[in-house]
Amino acid sequence: MKRSPVTPSSRLAATVLALGLAAGAALAAPTSTKFDPAMDVQGTKLQLNGTGTRYRAIFKVYDMGLYTTKKVSTAADVIALPGPKRLQFTALRELPGTDLGRLFLKGMGDNSTKEQVQRHALSSARLIEVFSGRSKMLPGESFAMEFVPGKGTIFYILGKPQGNPVGDDEFFAMVLKIWFGESPADMQLRDALLGLE
(Lines give C-alpha, C1' and ligand atoms only; values in the text may rest on other atoms or scores of the structure.)
Protein backbone atom coordinates (compact mmCIF):
# COMPACT_ATOMS: atom_id res chain seq x y z
CA MET A 1 0.00 0.00 0.00
CA LYS A 2 1.40 3.35 -1.08
CA ARG A 3 1.67 6.01 1.68
CA SER A 4 0.96 9.66 0.96
CA PRO A 5 3.94 11.96 1.46
CA VAL A 6 3.93 14.15 4.59
CA THR A 7 3.91 17.78 3.47
CA PRO A 8 4.32 20.93 5.55
CA SER A 9 0.63 21.77 4.98
CA SER A 10 -0.50 18.33 6.19
CA ARG A 11 1.72 18.71 9.28
CA LEU A 12 0.15 22.13 9.94
CA ALA A 13 -3.37 20.71 9.55
CA ALA A 14 -2.56 17.90 12.00
CA THR A 15 -1.13 20.38 14.50
CA VAL A 16 -4.20 22.66 14.24
CA LEU A 17 -6.48 19.64 14.69
CA ALA A 18 -4.53 18.46 17.74
CA LEU A 19 -4.63 21.94 19.30
CA GLY A 20 -8.37 22.15 18.63
CA LEU A 21 -8.98 18.78 20.27
CA ALA A 22 -6.79 19.72 23.23
CA ALA A 23 -8.66 23.02 23.66
CA GLY A 24 -12.01 21.21 23.47
CA ALA A 25 -10.90 18.74 26.13
CA ALA A 26 -9.62 21.56 28.32
CA LEU A 27 -12.90 23.48 27.97
CA ALA A 28 -14.82 20.51 29.29
CA ALA A 29 -12.44 20.09 32.25
CA PRO A 30 -13.39 21.38 35.71
CA THR A 31 -11.93 24.69 36.85
CA SER A 32 -8.65 24.69 38.76
CA THR A 33 -10.26 27.08 41.29
CA LYS A 34 -12.30 25.50 44.09
CA PHE A 35 -15.38 27.70 44.45
CA ASP A 36 -17.41 27.63 47.66
CA PRO A 37 -20.75 25.83 47.08
CA ALA A 38 -22.63 28.70 48.75
CA MET A 39 -22.04 32.18 50.13
CA ASP A 40 -23.90 34.82 52.10
CA VAL A 41 -24.53 38.20 50.46
CA GLN A 42 -26.07 40.86 52.73
CA GLY A 43 -27.97 38.20 54.69
CA THR A 44 -29.14 36.23 51.63
CA LYS A 45 -27.72 32.77 50.95
CA LEU A 46 -26.57 32.28 47.37
CA GLN A 47 -25.73 28.97 45.74
CA LEU A 48 -23.11 28.25 43.13
CA ASN A 49 -25.02 28.03 39.86
CA GLY A 50 -22.05 27.02 37.70
CA THR A 51 -18.34 27.49 37.08
CA GLY A 52 -16.18 27.74 33.99
CA THR A 53 -12.90 28.94 32.52
CA ARG A 54 -12.51 31.88 30.16
CA TYR A 55 -10.24 31.08 27.23
CA ARG A 56 -8.69 33.32 24.61
CA ALA A 57 -7.53 31.03 21.80
CA ILE A 58 -6.08 28.11 23.80
CA PHE A 59 -4.91 30.17 26.78
CA LYS A 60 -6.71 30.22 30.13
CA VAL A 61 -7.55 33.75 31.30
CA TYR A 62 -9.66 33.33 34.45
CA ASP A 63 -11.93 30.91 36.29
CA MET A 64 -15.40 32.22 37.03
CA GLY A 65 -18.27 31.24 39.31
CA LEU A 66 -21.88 32.47 39.18
CA TYR A 67 -23.81 32.68 42.47
CA THR A 68 -27.62 33.06 42.46
CA THR A 69 -30.56 32.70 44.86
CA LYS A 70 -31.79 29.66 42.94
CA LYS A 71 -30.61 27.43 40.10
CA VAL A 72 -31.10 28.88 36.62
CA SER A 73 -30.25 27.30 33.27
CA THR A 74 -30.88 30.03 30.67
CA ALA A 75 -29.19 33.36 30.07
CA ALA A 76 -32.56 35.16 30.18
CA ASP A 77 -33.30 33.64 33.61
CA VAL A 78 -29.94 34.80 35.00
CA ILE A 79 -30.65 38.39 33.97
CA ALA A 80 -34.32 38.35 35.09
CA LEU A 81 -33.76 36.56 38.42
CA PRO A 82 -34.49 38.95 41.32
CA GLY A 83 -32.31 39.21 44.40
CA PRO A 84 -28.56 39.39 45.00
CA LYS A 85 -26.06 37.83 42.58
CA ARG A 86 -22.30 37.46 42.60
CA LEU A 87 -19.71 36.89 39.90
CA GLN A 88 -16.51 35.48 41.39
CA PHE A 89 -13.23 35.33 39.43
CA THR A 90 -9.72 33.93 39.86
CA ALA A 91 -7.00 35.15 37.48
CA LEU A 92 -5.14 32.31 35.75
CA ARG A 93 -2.56 34.51 34.04
CA GLU A 94 -1.22 38.02 34.52
CA LEU A 95 -4.06 40.43 33.64
CA PRO A 96 -3.29 44.14 33.25
CA GLY A 97 -5.98 46.03 35.19
CA THR A 98 -6.65 48.60 32.47
CA ASP A 99 -7.07 45.87 29.83
CA LEU A 100 -9.48 43.95 32.07
CA GLY A 101 -11.61 47.05 32.67
CA ARG A 102 -11.69 47.88 28.96
CA LEU A 103 -12.68 44.32 28.03
CA PHE A 104 -15.57 44.44 30.52
CA LEU A 105 -16.64 47.81 29.10
CA LYS A 106 -16.49 46.46 25.54
CA GLY A 107 -18.59 43.44 26.57
CA MET A 108 -21.25 45.75 28.01
CA GLY A 109 -21.23 47.88 24.87
CA ASP A 110 -21.56 44.82 22.63
CA ASN A 111 -24.69 43.67 24.46
CA SER A 112 -26.48 46.91 25.42
CA THR A 113 -28.09 49.82 23.60
CA LYS A 114 -26.27 53.14 23.15
CA GLU A 115 -28.87 54.75 25.43
CA GLN A 116 -28.14 52.25 28.21
CA VAL A 117 -24.38 52.76 27.85
CA GLN A 118 -24.83 56.55 28.04
CA ARG A 119 -27.24 56.27 30.98
CA HIS A 120 -24.72 54.26 33.01
CA ALA A 121 -21.54 56.09 31.95
CA LEU A 122 -20.65 57.04 35.55
CA SER A 123 -21.03 53.48 36.88
CA SER A 124 -19.02 52.15 33.92
CA ALA A 125 -16.32 54.71 34.61
CA ARG A 126 -16.16 53.44 38.20
CA LEU A 127 -15.68 49.87 36.91
CA ILE A 128 -12.75 51.05 34.76
CA GLU A 129 -11.33 53.05 37.67
CA VAL A 130 -11.44 50.03 40.04
CA PHE A 131 -9.52 47.75 37.70
CA SER A 132 -7.21 50.43 36.30
CA GLY A 133 -6.26 51.33 39.86
CA ARG A 134 -4.46 48.00 40.05
CA SER A 135 -1.63 47.66 37.54
CA LYS A 136 -2.25 43.93 37.15
CA MET A 137 -4.00 40.91 38.58
CA LEU A 138 -1.58 38.04 39.16
CA PRO A 139 -2.34 34.32 38.70
CA GLY A 140 -4.33 33.08 41.70
CA GLU A 141 -5.62 36.52 42.70
CA SER A 142 -9.38 36.98 43.00
CA PHE A 143 -11.86 39.69 42.09
CA ALA A 144 -15.64 39.84 42.15
CA MET A 145 -18.75 41.81 41.21
CA GLU A 146 -21.70 41.59 43.58
CA PHE A 147 -25.20 42.99 43.13
CA VAL A 148 -27.44 43.88 46.07
CA PRO A 149 -30.96 45.11 45.19
CA GLY A 150 -31.61 48.67 46.34
CA LYS A 151 -27.88 49.30 46.83
CA GLY A 152 -26.14 48.54 43.54
CA THR A 153 -22.98 46.78 42.37
CA ILE A 154 -19.94 46.37 44.59
CA PHE A 155 -16.55 45.53 43.07
CA TYR A 156 -14.09 43.45 45.08
CA ILE A 157 -10.37 42.86 44.62
CA LEU A 158 -8.68 40.22 46.80
CA GLY A 159 -11.86 40.02 48.90
CA LYS A 160 -11.93 43.74 49.74
CA PRO A 161 -14.76 46.04 48.57
CA GLN A 162 -13.54 48.85 46.32
CA GLY A 163 -15.61 51.79 47.46
CA ASN A 164 -19.38 52.24 47.63
CA PRO A 165 -21.96 50.41 45.48
CA VAL A 166 -22.68 51.91 42.05
CA GLY A 167 -25.50 51.68 39.54
CA ASP A 168 -28.90 50.01 39.67
CA ASP A 169 -30.57 46.81 38.44
CA GLU A 170 -30.16 47.82 34.80
CA PHE A 171 -26.44 48.46 35.23
CA PHE A 172 -25.85 45.01 36.74
CA ALA A 173 -27.92 43.46 33.95
CA MET A 174 -25.46 45.12 31.55
CA VAL A 175 -22.58 43.58 33.51
CA LEU A 176 -24.23 40.13 33.35
CA LYS A 177 -24.70 40.49 29.59
CA ILE A 178 -20.92 40.47 29.14
CA TRP A 179 -21.28 36.70 29.65
CA PHE A 180 -25.03 36.13 29.15
CA GLY A 181 -25.97 38.61 26.41
CA GLU A 182 -26.53 38.00 22.70
CA SER A 183 -22.78 38.35 22.07
CA PRO A 184 -21.24 36.68 25.14
CA ALA A 185 -17.51 36.88 25.81
CA ASP A 186 -17.28 33.08 25.59
CA MET A 187 -20.18 30.79 24.61
CA GLN A 188 -18.71 27.72 26.30
CA LEU A 189 -18.07 29.66 29.49
CA ARG A 190 -21.69 30.88 29.40
CA ASP A 191 -22.95 27.29 29.11
CA ALA A 192 -20.68 26.13 31.93
CA LEU A 193 -21.96 28.91 34.23
CA LEU A 194 -25.50 27.78 33.42
CA GLY A 195 -24.60 24.19 34.31
CA LEU A 196 -25.16 23.00 30.73
CA GLU A 197 -21.78 21.25 30.34
Could you work out the local net charge near residue 68, counting Lys and Arg as +1, Asp and Glu as -1, over the other residues with Cβ closer than 13 Å to its Cβ? +3
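Compute the relative contact order of region 108-190 as a whole-number percentage, counting only Cα pairs closer than 8 Å that sit 6 or more residues apart in sequence.
29 percent
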Return the loop-located trypsin sites (Lys or Arg not before Pro) in region 84-142 (DSSP other than H, G, I, E, B) with at most 13 other Cβ atoms within 10 Å of their own Cβ; answer none if there are none. 93
Hz values of 3J(HN,Hα) by residue in region 33-38 - Karplus curve (6.51, -1.76, 1.60), Gly and Pro given as x: 7, 8, 8, 4, x, 8
If you roll a 1.4 angstrom probe over the protein chains with everything in place, what fraction of the accessible area of region 29-151 belongs to carbon and sulfur, to the nearest %? 54 percent
Just grab the label-to-label distance for residue 94 and residue 187, each label 7 Å out from Cα along the Cβ direction, in nm (one decimal). 3.3 nm
Formal net charge of residues neighbouring residue 47 (Cβ-Cβ distance under 9 Å; K, R +1; D, E -1): +3
Global form of region 105-177, assessed from the alpha-carbon gyration tensor, a/c cut-off 1.5: prolate
Reachable aspartates and glutamates, given that their alpha-carbon falls under 16 Å from the alpha-carbon of residue 114 and they are not under 8 places away in the same chain: 170, 182
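Dipole size in debye (nearest 20) for region 111-174 around its Cα centre, Lys and Arg Cβ +1, Asp and Glu Cβ -1?
That gives a dipole near 220 debye.
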Using 0.36 nm per residue, how much length does the chain from residue 113 to residue 70 gain when fully extended, once their Cα-Cα distance is taken away? 12.7 nm
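The values are calculated or read from the model by the stated rules, or taken from the named source; none is laboratory data. What you see is a predicted model, and the numbers here were worked out from it, not measured in a lab. Note that we place each Cβ from the backbone using ideal geometry, even for glycine, and neighbour counts take in every protein chain shown. Heads up: the accessible areas ignore ligands, DNA and RNA and are worked out on the full protein's heavy atoms, side chains in. Shrake-Rupley method; radii C 1.70, N 1.55, O 1.52, S 1.80 Å.
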